[in-house]
Amino acid sequence: MSNYTKISDNLLCDSLMAYSNCCHQESLISDKPVKNANGDIRVIELFAGVGGFRIGLERASKRFKTVWNNQWEPSTKRQDASLIYCKKFGCAGHSNSDIATVDVADIPEADILVGGFPCQDYSVATTLKRSGGIEGKKGILWWQIHRILRDHKNPPQYLILENVDRLLGSPASQRGRDFAIILASLSDLGYCVEWRIINAAEYGMPQRRRRTYMFAFKQDTPFSEAIVAPVDWLYKDGVMANAFPIQKENIRPYTFVIKGNLAEVSDSFNKGKSTSPFKNAGLIVNRTVYTIQSTPDYHGSFVTLGDILIPNKDVPETFFIADEDVKKWQYVKGGKSEKRVNKTTGFAYNYSEGSMAFPDSTDKPSRTIITGEGGTAPSRFKHVILTENGRYRRLVPIELERLNMFPDNHTEGSSDMRRAFLMGNALVTGIVERIGLQFLKRVNGQDNLYYDNMKNIR
């Protein structure tokens, strides 16, 4: 049960503040002061949501300055995420328009472009066989990122991108094709790209949330020049390797070239194969892929679900489960093997599913938050904890924010249902914070990847 601790202009609970402070110790970044002579590191945030990338980067350093951001939710009148973003960060540089309608000339120059491009087609709530990948309705927004990088007169030299872990294996009919298109298109634009599937809980954070993170850099930057041995970059030299250490034994790299133009990649990449060639860590340089299966090697502090809970006295009564409803929750959470009948067709079928923990353990990181976390109706996927006085309850919005390492009440102003939805779509900001710290370590010249001649950071 945590109190509030002030950090800059945001509030983090004590356990998250302690974790963040740990990240800033010398293992990630020196205690030496940041060199300000070169000025701000300018950031463009696409598909901004409620500002997860911005929060993570600004917690790493105030040198990160978001100069332009875009958030637009189609098919809805109320733009909750955009409203919250403006409320928290101000409306200067904010765009609440369909990104496809934005003229690239209207987007300012920046050093880094960040974004979690929409991933509904790859969501864990949707079976992979139904995934449309980048051919899906929202998946095509990847090409808006590509358009900006291709057409901008001075495109960002660095990218930090996020998507679901299934991206590396989609679509089901052609495993790995979508990720191959993304990597090939970035390589053709002159970027090297390193990626890692990261489970936030395996690096001390309070939620088990697996996502694909990509860090890309132009081939004329000191990052690229520092790649002596690509496989070494994956497990000891790269940004991901230092932000998220992995075991160095039994590294078995797999190398291949993504051939053909993008249309040919789309048509033929890995066709007829049952598994994706992409492992959970990798690097692409000039269309050559180096990929390994990595295992986390983390020995720092850990935050559990119990660490981020607010006192029960502060929890509204509507979040407690009535005694007469407990059996309903036990049923939906429990294992099943039963006959069911389709109400429309009358077709009878066998239905089975495994059990889920009820209640959720508070001495471990939480399960993944999904967009359907809100509301009082019983659900397999919603979190339920058992309180000290023997009552069951759901998680309140502040606790969901804390599981993503957002400041308390960041989404205040929307309904509880909508706040849960927004957190189900958000990323764990501590991941971005650690990437930002590693970026700064190199910018500040604290190792052999120093940046005396960095072109775009002034």
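Bear in mind these aren't lab numbers, they're just calculated from the coordinates by the rules spelled out. Worth saying up front: this structure is predicted, and the values here are computed from it rather than measured. When we count neighbours, we look across all protein chains shown, and the Cβ atoms used for this are built from the backbone with ideal geometry, even at glycine.
Whole Å is fine, so just give me how far the alpha carbon centre of the stretch 41-110 lies from that of the stretch 332-385.
One Cα centre to the other: 35 Å.
7 Å from Cα along Cα→Cβ at both GLU388 and TYR298: what's the point-to-point distance in nm?
2.8
Just need the relative contact order of the chain here, percent rounded to a whole number, with Cα pairs under 8 Å and 6+ apart. Don't skip to the answer; put the middle values down first.
Details: 882 pairs, mean separation 86.8, N = 458.
Relative contact order for the chain comes out at 19 percent.
By how many nm would the segment from GLU353 to THR371 grow when fully extended, if each residue of separation counts as 0.36 nm and the alpha-carbon distance is taken off?
Details: separation 18, 0.36 × 18 = 6.48 nm, distance 2.09 nm.
Extra length available between GLU353 and THR371 comes to 4.4 nm.
I need VAL443, VAL303, VAL326 ordered by Cβ neighbour count within 10 Å, fewest first. Provide the component values of the computation, followed by the final result.
Working: VAL443 21, VAL303 25, VAL326 15.
Listed from fewest to most nearby Cβ atoms, that is VAL326, VAL443, VAL303.
Roughly how big is the chain's charge dipole about its Cα centre, with Cβ charges of +1 (Lys, Arg) and -1 (Asp, Glu), in debye to the nearest 20?
Working: 60 positive and 51 negative charges, 222 e Å.
Taking the Cα centre of the chain as origin, the dipole is about 1060 debye.
Among the listed pairs LYS259/LYS279; LYS248/LYS271; LYS87/LYS153; LYS153/LYS236; LYS65/LYS88; LYS153/LYS259, give every one whose C-alpha distance is greater than 26 Å.
LYS248/LYS271; LYS87/LYS153; LYS153/LYS236; LYS153/LYS259
Could you give the length gained on full extension between ALA92 and ASP220, defined as 0.36 nm per residue of separation minus the Cα-Cα distance, in nm?
Working: separation 128, 0.36 × 128 = 46.08 nm, distance 3.15 nm.
Gain on stretching ALA92 to ASP220: 42.9 nm.
Between SER173 and ASP103, how high is the FRET efficiency from 1/(1 + (r/R0)^6) when r is the Cβ-Cβ distance and R₀ = 45 Å? Nearest 0.05.
Values: r = 36 Å, r/R0 = 0.80.
Calculated value: 0.80.
Using 0.36 nm per residue of separation minus the Cα-Cα distance, give me the extension gain between LYS364 and GLU264 in nm, one decimal. Show your work: numbers first, answer last.
On the way: separation 100, 0.36 × 100 = 36.00 nm, distance 4.56 nm.
Length difference between fully extended and current span is 31.4 nm.
Cut-off is 10 Å between beta-carbons; in what order do CYS192, CYS86 appear when sorted fewest neighbours first? Write out the running numbers ahead of the final one.
Numbers: CYS192 22, CYS86 17.
Arranged by neighbour count, lowest to highest, CYS192, CYS86 become CYS86, CYS192.
Please name whichever of ALA81, LEU283, ALA357 sits farthest to the positive end of the charge dipole of the chain, dipole taken about the Cα centre and charges placed at Cβ: Lys and Arg +1, Asp and Glu -1.
Farthest towards the positive pole: ALA357.
What does the C-alpha gyration tensor say about the overall shape of the stretch 313-414? Classify as rounded when a/c is under 1.5, otherwise prolate if a/b is larger than b/c, or oblate. Each step should come with its number before you reach the end.
Details: a/c = 2.12, a/b = 1.82, b/c = 1.17.
Here the stretch 313-414 falls in the prolate category.
Calculate one ³J(HN,Hα) per residue across the stretch 217-229 by plugging θ = phi - 60° into the Karplus curve 6.51 cos²θ - 1.76 cosθ + 1.60, and present them in order as whole Hz with x for glycine and proline.
The phi angles translate into 8, 5, 6, 9, 9, x, 4, 5, 5, 7, 7, 8, 10 Hz.
Taking H placed 1.01 Å from N in the peptide plane, check which residues at least 5 places from SER95 or on another chain put their amide H under 5 Å from its amide H.
Excluding prolines and chain starts, which carry no amide H, the hits are ASN69, ASN70, GLN71.
From the helices alone, meaning DSSP H stretches of at least four residues, give me the mean residue ellipticity at 222 nm for the chain, per-run term -39500 (n - 2.57), in deg cm²/dmol to the nearest 500. List each step's numbers first, then the result.
On the way: 12 runs with 106 residues, N = 458.
The helix contribution divided over the chain gives -6500 deg cm²/dmol.
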